[in-house]
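Participant: Structure in structure tokens, see below.
Only the coordinates and a few stated rules stand behind these numbers; no lab work does. No experiment lies behind these values; they were computed from the predicted model shown. Virtual Cβ from ideal backbone geometry, glycine too; neighbours counted across all protein chains shown.
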Amino acid sequence: MRICVYGAASPTIDQNYIDKTEALGAEMARRGHSLVFGGGGNGLMGAAARGVHAGGGYILGVIPKFFGDESVEKICDFCNELIEPDTMRERKQIMEDNADAFLVTPGGIGTYEEFFEILTLKQLCRHNKPIAVYNINGYYDGLVQVMHDAISKNFIKENCLELFFVSDNVDDLLGYIEAPVKEIRTVKELKDG
């Protein structure tokens with residue numbers, strides 16, 4: 001299975017997040033999965049790639065050309081394949097098209113944006129791929145609370161929570177991704193409840 005991992009690019013993240021994400025990558029490779037990711041060499045992106053690489057797994061990196069041209073961030077130098085589109089929009093589309101599932105590790109604005117875009121597309125029945133959120137050290141507790149608050153105020157339908165899975169346990173996350181996919185409902189059912 002090709003798992004797209006979203007996550008932070010920052011090189012200043014606490015080592016605990018890096019170690020756990022690297023272990024996630026190693027477990028992905030051990031289970032025979034390949035990695036699709038944003039192509040960065042630092043932060044949790046780099047950690048996931050190092051884990052998969054150490055386990056002998058296949059790695060597809062997708063990073064806009066301007067990242068290298070403008071030295072935006074370190075690019076992972078051991079991808080089996082590196083695609084360099086012109087824009088961030090193209091990057092996300094290539095990652096989405098090449099993934100069978102999505103796994104969100106802790107991250108910043110870009111990671112939140114990727115999560116909400118892929119979740120929105122699932123709610124709109126544009127894909128039916130598993131979405132799992134790796135809640136290392138409770139990082140996404142606040143996000144889960146925001147979702148519940150929005151549900152309680154009728155901004156989001158409760159069934160939206162069925163479209164993704166949150167856990168701090170790697171086996172549970174990968175088990176969720178590997179499980180048979182539940183049949184998706186229609187857009188109207190998901191939007192109207």
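Participant: Kindly provide the Kirkwood hydrodynamic radius of region 95-193 in Å, to one decimal, from all pairs of distinct alpha carbon atoms.
Facilitator: Result for region 95-193 stands at 14.0 Å.
Participant: Give me the dipole magnitude in Debye, nearest 20, for region 37-193 about the Cα centre, with unit charges on the beta carbon: positive for Lys and Arg, negative for Asp and Glu.
Facilitator: Around 360 debye, computed over region 37-193.
Participant: Okay, next question. Loop sites only, by DSSP: take the GluC sites (Glu not before Pro) in the chain that have at most 13 other C-beta atoms within 10 Å and name the longest stretch containing none of them. Working shown, then result.
Facilitator: Values: sites that count: Glu70, Glu183.
Counting at most 13 other Cβ atoms within 10 Å as exposed, the longest clean stretch of the chain is 71-182.
Participant: Where the Cα atoms of the chain are projected onto their three principal axes, how long is each span, largest first, in whole Å?
Facilitator: 46, 34, 30
Participant: A further question on this structure: What does the charge count around Gly55 come to, taking other residues whose C-beta lies under 11 Å from its C-beta (Lys +1, Arg +1, Asp -1, Glu -1)?
Facilitator: +1
Participant: Further question on the same structure: How big is the antiparallel share of DSSP beta bridges in region 1-143, given as a percent to the nearest 5?
Facilitator: Beta bridges within region 1-143, antiparallel portion: roughly 5 percent.
Participant: Only Cα pairs within less than 10 Å get springs; with that Gaussian network setup on the chain, which residue of Leu24, Leu44, Leu124 has the largest fluctuation?
Facilitator: Its mean-square fluctuation being the largest, the pick is Leu124.
Participant: Starting from 0.36 nm per residue, how many nanometres of slack lie between Asn16 and Asp149 once their C-alpha separation is accounted for?
Facilitator: Stretched fully, the Asn16-Asp149 segment lengthens by 45.0 nm.
Participant: I've got another one for you. What value, in deg cm²/dmol to 500, does the helix sum -39500 (n - 2.57) over DSSP H runs of n ≥ 4 give at 222 nm once divided by the residues of the chain?
Facilitator: So the calculated ellipticity at 222 nm is -13000 deg cm²/dmol.
Participant: With a length cut of 15 Å (Cα positions projected on each helix's long axis) and a Kyte-Doolittle mean of at least 0.5, go through the chain and give me the DSSP H helices that pass. Don't jump to the answer; show the numbers that get you there.
Facilitator: Details: long enough: 15-30 (22 Å, -0.79); 43-54 (17 Å, 0.68); 109-123 (21 Å, 0.08); 141-152 (16 Å, 0.46).
Qualifying helices: 43-54.
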